[in-house]
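Nothing in this text is a laboratory measurement; each read-out follows from the coordinates by a stated rule. Here the structure is a predicted model, which means the values were calculated and not measured. Heads up, the Cβs are rebuilt from the backbone with ideal geometry, glycines too, and the neighbour counts pull from every protein chain shown.
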Amino acid sequence: MIVAIIQSRMGSTRLPGKMLRKIGDKTLLEHVVLRATHAKTISSVVIATTDQPEDDVLASIAKKLGVVCFRGSEHDVLDRYYKAAKQYRADTVVRLTGDCPFIDPEIIDRVVNAYLKSKKKVDYVSNVHPPTFPDGMDVEVFSFSALERAWKEAKLPSEREHVTPFFYGHGLFRVKNVRDPNDNSGIRLTVDTHEDFRLVRKIYAELFTSNRSFDLKDILALLKQRPELALINGHLLRNEGYVKSIRKDSTEVYLVLGGTARKGGDRWCTTLFEHKGDLGDRLRVTAAAMLYHAKSIKPVVVVLGGRGTLPPEAPTVAKIIEEELVSLGVLKEYVVREEKSRNTFEQLYNSLPFLSDSGTMTLISNRYHLPRIRAFIHNRAELVPLKQLLLTKRLMLVGAETIVGKKDASLTAQIKDWYRSSRVSEIIKSEEKGVKEIKRGLYTST
């Protein structure tokens, strides 16, 4: 039996009571349930909520809609899923969440069918690793036996709270991803914040009157026609809740400052120091990946950088770095992109939301760049929180060349030659000039 389990609760921290917020004449949760029931591959739908009194109202909605409701642990959502799947005899579990009111039944069927066709070869199929569909179209499908193993073996708080990280985070399961030809992963159709809710209401108002069963194609057509709508919540991070949960697992955060990028063939990439005139920013990526793999409890890797001087058709530097980190084996779930910074000062300032009350931060850049970073931190009032971390040794400034040289001796000579070059001499002089200007309060550019 293929059972769709929709997790839902009233206790959202970012948008309390969101399950009862109405879009048209139906609550958020009602929209999700009704759309899930239209998927042709689904045998039954279960609302999985908590055993807290405040969630009694969600049990009432389940009864109203004629679907079953399972109630279990508030915070151990993996336990809630396992017990719901066991009680309702699911052979195959489809994981959906109650905050995705526009979930498309055709996409549910597409992911489920991908699982069924590969059932003997895979344990877990999703459309989010990596994501190409909008946030809010997430579908995960897995066997009950895989769920049972995760339930028995998953230990980290993020693995218990977010149900599926254990499936793809340890290499224990056979996984597959369903991709869309067009990458629309930057669009948010989920509801976590007031801005999200404002957007979905506007989309609903535009489409429902002419097409009561509108789907993702209709939504994308509307957003293409009215691109200003996507700006309502375009500044928000994907999977912010999961990122916060990961940070409970690890007290360590890496900050990777983006620099320059160049186009090689049909792909954009960070610059190698052998590229004539370039700054060797790829070393930052390599160093971050090396440090990440050396940790048993993985750190969150925050990559910072907008387009800067890149052309409008180029991806952001943060996006380029993220793709390179993933190619080096860093799990995408541990990478957070900050894509608005135009220069070094803005990168440092935009790193402040990632500070925590405890734990450490490691800032990774090229060695020649560190004196200017240190000057910013010590001389700009906006960066006092970073200064305090630096003085208490909870913030470490690390040169990528040092990390890479220690891990890969073959690169040591190459790095030394590069630092003897006239190009690096020019860079260092420019950096030294920048440090002096920062200390005098005259520095205005990158």
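Miscellaneous remarks
- For Leu310, net neighbour charge (Lys/Arg +1, Asp/Glu -1) across residues whose Cβ lies under 13 Å away: +2
- Counting Lys and Arg as +1 and Asp and Glu as -1 over every other residue whose Cβ lies under 12 Å from the Cβ of Leu395, the net charge comes to +3.
- Applying 0.36 nm per residue to the separation of Ser44 and Gln87 and subtracting their alpha-carbon distance, the gain on full extension is 14.2 nm.
- Working value for the range 382-436: equivalent-ellipsoid semi-axes of 27, 19, 5 Å, each the square root of 5 times a Cα gyration tensor eigenvalue, largest first.
- Using a simple spin-label model with pseudo-atoms 7 Å out from Cα toward Cβ, Glu195 and Ser145 lie 4.5 nm apart.
- Dipole axis of the chain (+1 Lys, Arg; -1 Asp, Glu on Cβ), positive-most option in Gly136, Ile5, Phe173: Phe173
- Under the simplified labelling scheme, the Glu153-Ala221 pair shows an inter-label distance of 4.6 nm, with each label point 7 Å from Cα along Cα→Cβ.
- Between helix 28-37 and the chain there is an angle of about 70 degrees, using the helix long axis and the longest principal axis of the Cα atoms.
- The Cβ shell under 13 Å around Pro53 holds other residues with a net charge of -3, Lys and Arg each +1, Asp and Glu each -1.
- In plain terms, the chain from Ser213 to Arg14 could stretch by 68.8 nm, reckoned as 0.36 nm per residue minus the Cα-Cα distance.
- Simple Cβ-charge dipole of the range 156-223, Lys/Arg +1 and Asp/Glu -1, about Cα centre, in debye nearest 20: 160
- Legend: P(r) of the range 250-439 from all alpha carbon pair distances, 10 Å bins from 0, whole percents, reading 9, 37, 39, 14, 0.
- Compactness of the range 1-109 as Cα Rg over 2.2 N^0.38 Å, two decimals: 0.98
- Sequence-separation-based contact order of the chain, relative, with Cα cut under 8 Å and 6+ spacing, percent: 11
- Rounded to the nearest 20, the Cβ-based charge dipole of the range 250-439 about its Cα centre (Lys and Arg +1, Asp and Glu -1) stands at 460 debye.
- FRET efficiency, 1/(1 + (r/R0)^6) with R0 35 Å, evaluated for Lys295 and Ser425 via beta carbons: 0.50
- Inter-probe distance in nm under a simple model that places probes 7 Å from Cα toward Cβ, at Ala205 and Leu34: 1.9
- Remark: the His75-Asp25 segment gains 15.0 nm on full extension, using 0.36 nm per residue and subtracting the alpha carbon distance.
- Overall, the range 2-177 carries a charge dipole of about 500 debye about its Cα centre when +1 sits on the Cβ of Lys and Arg and -1 on the Cβ of Asp and Glu, all other atoms neutral.
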